[in-house]
1. Which far-off residues, 5 or more places away or on another chain, put their amide H under 5 Å from the one on T148, with H placed in the peptide plane?
2. Rounded to a whole number of µm²/s, how large is the Stokes-Einstein D of the chain at 20 °C and 1.002 mPa s, given Rh as the Kirkwood radius over C-alpha pairs?
3. So what J values fall out for segment 389-402 if you push phi through Karplus, 6.51 cos²θ - 1.76 cosθ + 1.60 with θ = phi - 60°, rounded to Hz, Gly and Pro as x?
4. Please compute the net charge surrounding F75, taking Lys and Arg as +1 and Asp and Glu as -1 over other residues with Cβ under 9 Å from its Cβ.
5. If amide H atoms are built 1.01 Å from N in the plane of the peptide, which residues on other chains or at least 5 residues away come under 5 Å of the amide H of V435?
6. Give me, ordered by chain and number, the residues 5 or more places off V118 or on other chains with an amide H under 5 Å from its own placed amide H.
7. Short version: ³J(HN,Hα) in whole Hz for each residue of segment 362-370, in order, from phi by Karplus 6.51 cos²θ - 1.76 cosθ + 1.60 (θ = phi - 60°), x for Gly and Pro, what are they?
8. Could you pull out the pairs from K150/K453; K97/K150; K356/K453 whose alpha carbons sit more than 21 Å apart here?
Amino acid sequence: MKYEMVIKNGVIVTASSTYEADLAIHDGKIAAIGKQLTGDTEMDAAGNYVIPGAVDIHVHMQLELPGDLVSSDTFFTGTRAAAFGGTTAIVDFVDPKPNESLINALAARRKLADPQVVIDFGLHMTIGPNEIAKLDQVAAAYQAGCSTFKLYMAYGLRLDDGQLLQALEAIRDTSGLPVIHAENWDAITTLVKKNIQNGNTSPQWHPRSRPAILEGEAAGRVIDLATYLGVPIHIFHVSCEEVVARIKAARYKGLPVSGETCPQYLFLDTDAFDAPGVQGALPVCSPPLRTQTDQAALWQALADDDLQIVTTDHCPFTLAQKEHGWGKDFSQIPGGVPSIEMRLAAVYSRGVREGKLSLNRWVDLCCATPARMAGFEHKGDIAIGYDADLVIFDPNSKVTLSAEFLHENVEWTPYQDIEIHGWPQTTISRGKVIVENGKFMGAPGQGKFVKRKSLKR
Ligand code: DUC
Ligand code: ZN
Ligand code: ZN
């Protein structure tokens, strides 16, 4: 049989195996894997890895924050940057308005995203305090494809422990997966207030007002609540040893708890807040950047399966947006950094190249487990019948990260001048080449909303 497209001579790498083979694509799916396959289009991947498209299950495009702040990547620019970096599926969020049903909120978010996305996407459903009265709608949200539910323990959307218990129970009863922002909000707001009152307003006081031990406390508390109810949970953006220890202890007992970390916590540390002027405000994100000791602990946790995935929490704000908040005090700086484009290659470069992770573990952390955890049934692996979401990855190319090189809709990057060894050469989404040798070939609206469901963990 002659297939539509064949990728020849590459080394196929999945979470569990590494082998040389040709790979055939037909009708947007992986149709065959073998030797001497032929296609209408043939691509030579000799010397390169062929991996499943990366999956980033934690991103914020066009995130609306109080004060008319909107994160600067649109669903178009953000998914295009993702594609440049080898990511072929994302999960963003639905944040329902106070009197809006979950289903209407989902429809509104899709109306914004559908015409713009370049790659496939899913949406987590946020359950904030206003949604406690809507918990009878959780099953409908699940049926509509939101198999994961975001619960905040911080910010205006935070739930108190009683509300957390109610939300976790409702999600358990529909077999959804709660994904948690764990920080101790009451303690943080008290520290923020005290520090500002004492005149300590510079960005260095951001991490000092959100200490690691309080992130650990919140993670431990939600793990205990989930354990009491018998519901699996996933802890978002783990920044420190304290949370790793909680997750590790829970998993040791066989509890269904997982955790992720993000490039900002793996590559940056609190020194970044010492940069002069507004530069020190740019890396403000929450949880904050931590110490080099935490960084080492996070890498070790990724290797040891004490953390299961790497996502980005991609949430860029422009220089002007950051500067505006910085002019007041650290607590007014919009939190978030851009990481969507560099994640896959950065984890390869620092993780695999430097001997911290195996090649298969890299694919597991960035592609396979995120897909399975988020409930993307046919993504994250290279197998017949799976979506032809693929990356031809050149392990020998070298890039220097800079705002000019990256395609995120923001004029700065926290990774300026960091060298990365290995970069995607070609990104394929459902059998269509969308990036090749640094050229974008996709189109807005080409990505599809994927209805997700909980898969066996
Ligand atoms: N922290 C979050 O919790 N969300 C968006 C960005 C950030 O820094
Ligand atoms: Zn968060
Ligand atoms: Zn987030």
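1. Under 5 Å from the amide H of T148: M125, L177.
2. My calculation gives 97 µm²/s for D.
3. Calculated HN-Hα couplings, in order: 9, 9, 10, 8, 10, 8, x, 9, 6, 10, 10, 10, 5, 7 Hz.
4. So the environment of F75 carries a net charge of -3.
5. Those qualifying (amide H under 5 Å, at least 5 residues apart or on another chain) are T427, M441.
6. The answer is T79, R80, G445, G447.
7. 4, 5, 4, 5, 9, 10, 6, 5, x
8. Cα-Cα > 21 Å for K356/K453; rest within.
Read-outs throughout are calculated quantities, based only on the coordinates presented, and are distinct from any laboratory measurement. None of the values given here were measured: they were computed from a predicted structure. Note: ideal-geometry Cβ built from the backbone for every residue, glycine included; neighbour counts use all protein chains shown.
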